[in-house]
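The block underneath contains the structure these notes are about, expressed in C-alpha cells.
Derivation of every value follows stated rules applied to the coordinates shown; laboratory data play no part. Quick caveat: nothing in here was measured; it's all calculated off a predicted structure. With ideal geometry, Cβ positions are generated from the backbone for all residues, glycine too; neighbour counts draw on all protein chains shown.
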Amino acid sequence: MATGTARHGLARVLSKRGVCSRSEAARWIAAGRVSVDGRVVRDPEFPIVVSGSARIAVDGRDIDDPARLYLMVNKPRGLVTTANDERGRDTVYRCLDGAQWKGAPLPWLAPVGRLDQASEGLLLFCNDPAWAARVTDPQTGPDKTYHVQVDTVPDDHLLAALMQGVSDEGVVLRAKSARLLRSGERNAWLEIVLDEGRNRQIRRLLGAFDIGVLRLVRVAIGDLVLGDLPKGQWRVLTDTEIATVGT
C-alpha cells in the first residue's frame, strides 16, 4: 500500500498522536465520545488514512498533535508501572498526581519501558510513541545502568560469570558489565549494566547464582543520569537529554 494511503485503526491513531493510550482510546470510542468528520464512530479499528485530513474530535473538541513532553521520575519501591492496576495497587502515576506543566495539567503520558514493583529509580514518561520505541528497542536502545544491593559479597569469578551469562527459560541472560561498588560483611552493592531488556532480567540472572536482591535501583539510561532527583519526584528532560537518549 502506498504511504499516502496507509491506514491505521482509529484507536491506534489516537495513541500515536499522544492523546491517550490505545486501550483508553478504545474505551472512549466504544462509549461514543469520538467522532470522525462529525460522525460518531464506535469501532476502534475504524480505518483512518495516516496522511489524510480526517477531522477527529473527542467530546466534540478537535484533537491536535499535542506538545511533546518528556519526563524523568524517581520511582519509589512499591508502585507498579501501569496506568490501571486490576488488583488496585498504587501505580507510578501517583508520582504525577496534580502535576502541571506550563500552568496546565500534564497531557496524557505513558511510561517508557517499566520497572517492576520492587524496583526503584529512573523511569521515563512521554507522549511520543516513536521516541519511546527508540529508547526501549532491545537491539539499538541505550544501555541501562543499575545499582543492586545483594545478599552476598561476590568475588571476581562471580562477576565474570554474570557477564558470561546463563540460560534461563530458553533465553540467555547476561550483564554487559558487572562491578563491585562497595561491600560489607554480609552484603554488597553492584553496578550492573544491561544492553538488552528482558522481564526481571537482573533478578533472574542473580537468582541463577542463588544471589538474593535486597534493593534494585536504575540510575541511568544511556547518558541520562537520575542524579539527585528526590524519590517520587519528576522533572522535564532538556532538549539535549531528549536528543541524546532517544537516538
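So the values come out like this:
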quantity	calculated
Enumeration of residues in the stretch 147-167 that are touching an Asp or Glu at 6+ places or on another chain (Cβ under 9 Å) and surrounded by fewer than 17 Cβ atoms within 10 Å (Cβ to Cβ)	Thr152, Val153
Pair list, Cβ < 9 Å and 6+ apart or interchain, from the stretch 101-126 residues that are over 22 Å from Gly227 (Cα atoms) to residues that are β-branched (Val, Ile, Thr) and not in a strand (DSSP E or B)	Pro107/Val19; Trp108/Val19
Number of positions in the stretch 135-181 that are part of a helix (DSSP H, G or I) and in contact (Cβ under 8 Å) with a residue 40 or more places away in the chain	5
Ser53 vs. criteria among the hydroxyl-bearing types (Ser, Thr, Tyr), within 30 Å of Gly121 (Cα to Cα) and not in a strand (DSSP E or B)	no
Every residue from the stretch 56-90 that is of a type in the set (A, V, I, L, M, F, W, C), in contact with a Lys or Arg (Cβ under 8 Å, 6 or more places away or on another chain) and in a strand (DSSP E or B)	Val58, Leu71, Met72, Val80
The listed residue being surrounded by 16 or more Cβ atoms within 10 Å (Cβ to Cβ), charged (D, E, K, R) and closer than 28 Å to Thr240 by Cα, out of Arg22, Arg17	Arg17
